[in-house]
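Here's the structure we're looking at; comments come further down.
The values are calculated or read from the model by the stated rules, or taken from the named source; none is laboratory data. Source: prediction; values computed, not measured. Counting neighbours? That spans all protein chains shown, and the Cβs are built from the backbone with ideal geometry, glycine included. These area figures cover heavy atoms from the full protein model, side chains too; ligands, DNA and RNA do not enter into them. Shrake-Rupley method; radii C 1.70, N 1.55, O 1.52, S 1.80 Å.
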Amino acid sequence: MHVKKTLQQVAKSVLKLCIARCSGISTDLLPRRTVLISQSKSIYENLALEEWLYENANLAETEYLLMWRNHPAVVFGRHQNPWLEANIPFTRDREIDTARRASGGGTVYHDEGNLNLSFLMSRPRYNRRANLDLIVEALVRKWDIDLAVNQRNDIMLERFYKVSGTAARLGRSQSFHHCTLLMSVDQGMLLKSLDSPMLGVESKATKSVPSSVMNLKDKVPELTFELLSEVIGQHFLSGSHSPHNADKFEFIHPLDNIKYPGVDKILARLLSWQWIYGKTPAFTIHRKFVGVAFHELCTLEVVIKAEQGKLTSLTVALQNDIVKNKLDSFVQSTLSFYTNYFLREEVLLTPQSISDMQQKYSKIVSETFSNSPEAIQLAKWLSDSVTSCFNFV
């Protein structure tokens, strides 16, 4: 058995050498390949390692396939609005991580039933389609399932169900292309996590394209993270034509600062509010509310503009002339409070800032209009209308 395995390895090396020589490529110039399996289940730590490799590894000499899985997390693209893409109050209440990655593309939900793959190589050797074809070929050879890559570079099961999304980051000399594979993801949590409560928004941020999804485990019941990463990892290694290829798997931890010096600084940035929410492209919320003020039916229009996760302008206007003439000064004083509170450099769009605003406003109103229940009722309507625009926070 040992002799047979040795002969197979020799034959494999000879075949790689022949292919390389026939293609006219010097085998000395072909990079080695290494498969890295992360032992962390933190989305932030795994993204930090991916970024460290992109910035520091010599990808011309060694190409990497980094694979990992995470605790429940929502991950959105570099140019997306997290509040528009996900149900942030829901994810916060259930301790689901929210993360922004360095690549573009749409928002995805991860849990331990999701395999993440990142192909890191030099920019000249970047080939997104080849990576996806490699994954499909590995799975079809092993389990003979109906998988194919579509024109959007999604991996589709039975030509209808999406089982993998994809994104990339391209530098001058290096690149990474990463994608996901749905093994046994909790689809109920996926749908709830990505169901944003944000209304009336106008933005140029990249919008995700929803798709019907299915887990691979529905077709391959014996599927596990270990088995799937082994099958794809071995196929990745077998694709190297370099006789110097190490053909090895490495089980690593992303926060190994000896092996990956400075990765902790990348992690700190990925965990920061400024990166996750502050990088959000500018957006506008435009809402209208119908109510009764002093026995008059009126419409309240609220327009809120935000940049980098902070308010830049807020307007509140009544559209009933009779009520407007009576109450315009009241509305303007309310608006003045909101703008004075929110349009300060240190005030961010967070649950705490919204709660603080409501409490301070209620206190001012109760002290000012203690003898006028109708005025207090109107103030509450104004406050509830404006703050309802922030239910996505």
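When Ser38, Ser313 are compared by accessible area of protein heavy atoms, the largest-first order is Ser313, Ser38, using a 1.4 Å probe.
Counting DSSP beta bridges in the chain, what percent are antiparallel, to the nearest 5? Intermediate results must be reported in sequence, preceding the final value.
Details: 50 of 66 bridges.
In the chain, DSSP labels about 75 percent of beta bridges as antiparallel.
The percentage of C-alpha pairs in the chain whose separation is greater than 37 Å is 37%.
Computed from the C-beta positions of Glu250 and Asp146, the FRET efficiency with R₀ = 35 Å rounds to 0.60.
Counting only helical runs of four or more DSSP H residues, what would the 222 nm mean residue ellipticity of the chain come to if each run contributes -39,500 (n - 2.57) and the total is spread over all its residues? Write out the running numbers ahead of the final one.
Numbers: 12 runs with 151 residues, N = 393.
Helix contribution divided over all residues of the chain: -12000 deg cm²/dmol.
Shown for segment 151-211 is the translational diffusion coefficient from the Stokes-Einstein equation, using the Kirkwood radius over Cα pairs, a temperature of 37 °C and a viscosity of 0.692 mPa s: 227 µm²/s.
What a 1.4 Å probe finds exposed on the chain is 51% carbon and sulfur by accessible area, rounded to a whole percent.
The residues of the chain have, on average, 49 Å² of accessible surface per residue, using a 1.4 Å probe with all protein chains present. Just the C-alpha atoms of segment 58-206: what Rg/Rh do they give, with Rh taken as the Kirkwood radius? For segment 58-206, the value is 0.98. For the chain, a simple Cβ point-charge model (Lys and Arg +1, Asp and Glu -1, everything else neutral) yields a dipole of about 1140 debye relative to the Cα centre. A Förster distance of 45 Å, applied to the separation of the beta-carbon atoms of Lys259 and Lys363, puts the FRET efficiency at 0.25.
Over 23 Å apart at the Cα level, from the set Lys142/Lys192; Lys142/Lys248; Lys192/Lys217; Lys41/Lys142; Lys259/Lys279; Lys288/Lys310, are Lys142/Lys192; Lys41/Lys142; Lys259/Lys279. Its Cα gyration tensor gives segment 140-185 an equivalent ellipsoid. The semi-axes, each the square root of 5 times an eigenvalue, are 24, 11, 11 Å from largest down.
Which semi-axis lengths, in whole Å and largest first, follow from the square roots of five times the eigenvalues of the Cα gyration tensor of segment 254-310? Numbers along the way, then the final one.
Numbers: eigenvalues 452, 21, 7 Å².
Listed largest to smallest, the semi-axes of segment 254-310 are 48, 10, 6 Å.
For segment 181-261, the equivalent ellipsoid derived from the Cα gyration tensor has semi-axes of 35, 21, 15 Å, listed largest first. Each of the peptides 125-133, 78-86 was scored by the mean count of other Cβ atoms within 10 Å over its residues; in descending order, highest first, they stand as 78-86, 125-133. The figure for Ser203 is an accessible area of roughly 50 square angstrom, using a 1.4 Å probe on the protein chains alone. Using C-alpha pairs under 8 Å with a sequence gap of at least 6, the mean separation divided by the residue count of the chain gives a relative contact order of 18 percent.
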